[in-house]
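Here is the structure we will look at, set down as structure tokens.
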Amino acid sequence: MRNRIFIGILLIYAAGLAFFVYRAMMDIDPRYRESAEESLVETSHMLASVIEQDLDEYGEIDTPRLEALFRRVYARPFEAQIFSVHKTRVELRVYVTDSQGLVIFNSLGRDLEADYSAWLDVSQTLAGRYGARTTRDVESDPLSAVMYVGAPILHDGRIIGVVSAGKPVQSFGQFVEAARQNTLRIGVLAASAVLLLAAIVSVWLIRPFGFVRDYVRWLRQQRTLHPMRLLRRLRDQLRGTVAELRDALSGRNYVADYVQTLTHEVKSPLSAIRGAAELLQDAEGGDAPQMNEQQRKLFLDNIMRETQRIQETVDRMMELTALETQRTLNRVATVALLPLLEDVAASAGAAAAPRGIHVKINAPGGNADILAVDGDAFLLRRAIANLVDNAVAFSPDGGEVVIGLQAAGRQLLHVSVKDQGPGIPAYAQDKVFEKFYSLARPATQKKSTGLGLAFVHEIASLHHGSIKLANAPGGGAVATLTLPRDTA
């Protein structure tokens, strides 16, 4: 039963996701072609205006200026790194015909005086309509296709020729392939996340059926059915099921964690990708404006940003899950806190420098070795670094983050991190350590994964300490990590 439910959920989701990814990937190439055609329209009309300026008084088309221009531009050395594509040469093609469709100029230096009047870009333009075509240079090679768009050359209101600008389809095919790979990568990542959720949900969904199945199996094995024995067996099974459920739903429940991960983190990136696909479909329908280069770049940037968001959530979730399964520390040693704080401050200071934020340490003088705790140096560093990163994120530009270290009697040490940010709103003070709860950063108005403070809380618990976050008296917020002191 569990396997059937799991396979059913998986097939339904896989079919829906596969259809969505397929449509998105198939829509990418037409959108790039439309954008390339739009730029060719502007290029051809710009060249037509240049040629019209060189017409003599009889309206004769003169092309020496174009010949010199393309001879120089084809020989011009340059390098351009466009995302993952390295471009080193101009691939634009241009030819000019007279009013009869005969070629009088070709930037590639071929087919001069050839009759192009049958080509759509020439015949339609000479007829006063929009003319465009896509033709293969080599009939058997689809990668040799070239897009052409024509523009009329006018003299005294008459069409006396055509200038047609062309672009090899292969020149933007690399961008199409990169966009397809990014879309496929997001689809695979989303499928993996839901596959994990489906496995967990299928296990817990079948639990009531398993209880009934086990009880019926026991009944079949009984030679006689005594009412009291039936009741006792039912009571024992119920008690065992409730105990198992209570253990599974105690504070370290992976099902709840992954459900929250899906609903809070995976659903939002998937919605963003779905929205981008809908924009592509709208553009294809013709009612919406065609997508230009800036809009396509925005779409790709959005995919990369949402991919990084999912990856960050997965990484932080794995770290937090590993901590939650630990009952005790694996490595315990005496950790001097002052050198550790200095290391954290140096790393955070470099990251905060572009915003003019200064990170400093306020610690007592004297022998720093007595300010030590028993614990895991790596985890403690991660916890304090999380607090400092959080303080930097909420600090204003040019602000200051102060890391404090002080003893509280002979038993405890306090590590405090104070910022000059807006502080904690009243409605959030009892939620800041909940998983996936996050406040918008003042500088970017964006939220984090909401797992950082939960991560710190787990580390504090493993060290038999505590963590508090409150508003500071002089403004801003202060986080205080309390740890048992090493008195040896």
Residues of region 71-98 classified as surrounded by 13 or more Cβ atoms within 10 Å (Cβ to Cβ) and over 42 Å from the mean Cα position of the chain (by Cα), total: 4
Of all residues in region 396-413, how many are modelled with pLDDT of 85 or more and either over 20 Å from E342 (Cα atoms) or surrounded by fewer than 16 Cβ atoms within 10 Å (Cβ to Cβ) (or both)? 4
How many residues does region 146-158 hold that are within 45 Å of the chain's Cα centre (by Cα) and surrounded by 18 or more Cβ atoms within 10 Å (Cβ to Cβ)? 6
Considering region 338-366, residues that are hydrophobic (A, V, I, L, M, F, W, C) and touching a residue at least 60 places away in the same chain (Cβ under 8 Å), and then whichever is surrounded by the fewest Cβ atoms within 10 Å (Cβ to Cβ), we arrive at L338
Hey, among G109, G101, which residue is surrounded by 17 or more Cβ atoms within 10 Å (Cβ to Cβ) and at positive phi? G101
Within the bounds of region 174-196, is there any residue that is over 30 Å from I12 (Cα atoms) and either modelled with pLDDT of 95 or more or in the same structural domain as E67 (by TED's automatic domain parsing) (or both)? yes
With respect to G161, determine if the residue is buried (at least 20 other Cβ atoms within 10 Å of the Cβ), over 26 Å from A75 (Cβ atoms) and modelled with pLDDT of 90 or more. yes
I'd like to check something: does region 64-76 contain any residue that is under 18 Å from D156 (Cβ atoms) and in contact with a strand residue (DSSP E or B) (Cβ under 8 Å, 6 or more places away or on another chain)? no
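The values are calculated or read from the model by the stated rules, or taken from the named source; none is laboratory data. It should be emphasised that the depicted structure is a prediction, and the values quoted were computed from it without experimental measurement. Note that each Cβ is placed from the backbone with ideal geometry, even for glycine, and that neighbours are counted across all protein chains shown.
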